[in-house]
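Comments concern the structure below.
The values are calculated or read from the model by the stated rules, or taken from the named source; none is laboratory data. Model, not experiment: these values are computed from the prediction. Note that we place each Cβ from the backbone using ideal geometry, even for glycine, and neighbour counts take in every protein chain shown.
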Amino acid sequence: MTDSNRGEPLPALDGLRGLAVGIVLLSHLANAGLPVLPGLSLSGIGKSGVYLFFVLSAFLLTRLLLQWPAANWRRGASWADYALRRVLRIWPLYLVVLLASAVISATAVVPWWPYPMDAVALLRHLTLQEGTSVLWSIPVEFHYYLCLPLVAWALAAAQRAGGLLLASALATSAGVAAMILWPPAASLVNDVRLGPYLVLFFAGGLAALFSVRQATSTPRAKRAFGWLGLLALLAFVATVPAVAAVISGGAFQADLNHRWFAFFAVAWSALLLAVVHGPARLRRPFEWRPLRWLGWVSFSAYLWHMPVLAAVTGPMGLAGAPALAVFAVLTVLVSWASWRLVERPLQRVRWPRQRPAAPEVAGKGA
């Protein structure tokens, strides 16, 4: 990823995507009885990783649109390119997973497959009405792709009319309205509706507007961003269900923070801005090459890790350290192959008459 606003490379954003999918993987390992950190269950943190995906996706795409020349907003080719890239970003690999699941379910050769898919379920998944297991997030994100141009336009218009204060008020009001219309307490488990999660996307969009307008950062501002990022990370750690149970002295509640949409909208946006505009020492962990690589293949890892986990704990009959090792190796191999064969070839596809756009971070939602 290149920060075209300041001309600086921002590989740390790949690392943030790696963190997001890592959180999901760690949670599902714990759910399967394979804790990576002995003595500390990470069960229940997976949703927070998906929420980081949502915030980061909104940030990157809104930032891209905000940096378009004014002429691009009036060119049909620009929007054709946007639509093409959004479809190619999600649908090809998603379709591979759905069709593979449908064939496997029909033949019953792999009874442990985690995505059961009869004809009705296949149709509902294809029409973004259903999301089995981790597939629930695909309809949410794809539906937001349709809304994002309007959100980016509204934020930009508000900023021109009244500065960042008015744009912040608009995004905050929209987020509050969304939570009133789709109350978090009434959201479903693995809800495929966009409404409950709009506050996360709006926060990512507002962070993008702030980032674009934040042309430079003084040493004092960098330090402030550094503290902001640290506080965001500490807040996330405090919401880990096992940690929260220790702090409060209460019982462990795996779904403790699954509906804390506003909290994660603020926390993840703060961390994102801190990584982009804060001190180098905060970016450095997210620039770690293995974490960046995980970010590149994050969408593939997100979709394929559940079948790998089901195979390791099912027919392979592995447990403990051997299961963790085999899971890690197989997930790396499958994710790399999926990214290399399906995702990567499509990332450079553009609408034929569209001028080259700013590059995006590889991975889910980019």
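I need the full set of residues from region 266-299 which are β-branched (Val, Ile, Thr) and either within 17 Å of Ala58 (Cβ to Cβ) or surrounded by fewer than 22 Cβ atoms within 10 Å (Cβ to Cβ) (or both), in order please.
Kept after step one, since they are β-branched (Val, Ile, Thr), are these residues of region 266-299: 266, 275-276, 297.
Those that are β-branched (Val, Ile, Thr) and either within 17 Å of Ala58 (Cβ to Cβ) or surrounded by fewer than 22 Cβ atoms within 10 Å (Cβ to Cβ) (or both): Val266, Val275, Val276.
The rows are residues; the columns are (1) out of contact with any Cys (no Cβ under 8 Å at 6 or more places or on another chain); (2) closer than 23 Å to Gly49 by Cβ; (3) modelled with pLDDT of 95 or more; (4) of a type outside the set (Phe, Trp, Tyr).
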{"site": "Gly131", "(1), (2), (3), (4)": "yes, yes, yes, yes"}
{"site": "Pro139", "(1), (2), (3), (4)": "yes, yes, yes, yes"}
{"site": "Tyr145", "(1), (2), (3), (4)": "yes, yes, yes, no"}
{"site": "Trp153", "(1), (2), (3), (4)": "yes, no, yes, no"}
{"site": "Ala158", "(1), (2), (3), (4)": "yes, no, yes, yes"}
{"site": "Leu166", "(1), (2), (3), (4)": "yes, no, yes, yes"}
{"site": "Thr172", "(1), (2), (3), (4)": "yes, no, yes, yes"}
{"site": "Val176", "(1), (2), (3), (4)": "yes, no, yes, yes"}
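Looking only at region 114-147, residues that are among the hydroxyl-bearing types (Ser, Thr, Tyr) and assigned to a loop (DSSP other than H, G, I, E, B) come to 3 in all. Of all residues in region 24-31, none satisfies being buried (at least 18 other Cβ atoms within 10 Å of the Cβ) and either of a type in the set (Lys, Arg) or modelled with pLDDT under 95 (or both).
On inspection, Arg63 does not qualify as among the basic types (Lys, Arg) and closer than 17 Å to Arg292 by Cα.
Residues considered: Ala167, Ala100, Ala156, Ala106. Of these, the only one that is within 26 Å of Lys47 (Cα to Cα) and either assigned to a helix (DSSP H, G or I) or free of Cβ contacts under 8 Å to residues at least 60 places away in the same chain (or both) is Ala100.
Among the residues of region 237-259, those identified as surrounded by 16 or more Cβ atoms within 10 Å (Cβ to Cβ) and farther than 15 Å from Leu40 by Cα are Leu256, Asn257, His258, Arg259. With respect to (1) within 21 Å of Ala83 (Cα to Cα); (2) surrounded by fewer than 17 Cβ atoms within 10 Å (Cβ to Cβ), the lone exception for Ala152 is condition (2).
Scanning region 329-343 for residues that are touching a Leu at 6+ places or on another chain (Cβ under 9 Å) and of a type in the set (Gly, Ala, Ser), we see that the one that is surrounded by the fewest Cβ atoms within 10 Å (Cβ to Cβ) is Ser338. Of everything in region 303-328 that's part of a helix (DSSP H, G or I), among the hydrophobic types (A, V, I, L, M, F, W, C) and free of Cβ contacts under 8 Å to residues at least 12 places away in the same chain, which residue is surrounded by the most Cβ atoms within 10 Å (Cβ to Cβ)? That would be Ala328.
Just to be sure before I move on: is Phe201 within 18 Å of the chain's Cα centre (by Cα), of a type in the set (A, V, I, L, M, F, W, C), surrounded by 13 or more Cβ atoms within 10 Å (Cβ to Cβ) and under 19 Å from Leu16 (Cα atoms) in the structure I sent? Here the answer is yes, as Phe201 does meet what is asked. Taking the stated definitions as given, is Ala245 touching a helix residue (DSSP H, G or I) at 6+ places or on another chain (Cβ under 7 Å) and farther than 9 Å from Gly229 by Cβ? In short, no.
Pull up region 172-188, narrow it to residues that are free of Cβ contacts under 8 Å to residues at least 40 places away in the same chain and exposed (fewer than 13 other Cβ atoms within 10 Å of the Cβ), then point me to the one that is farthest from Ile45 (Cα to Cα). Taking the candidates together, the pick is Ser173.
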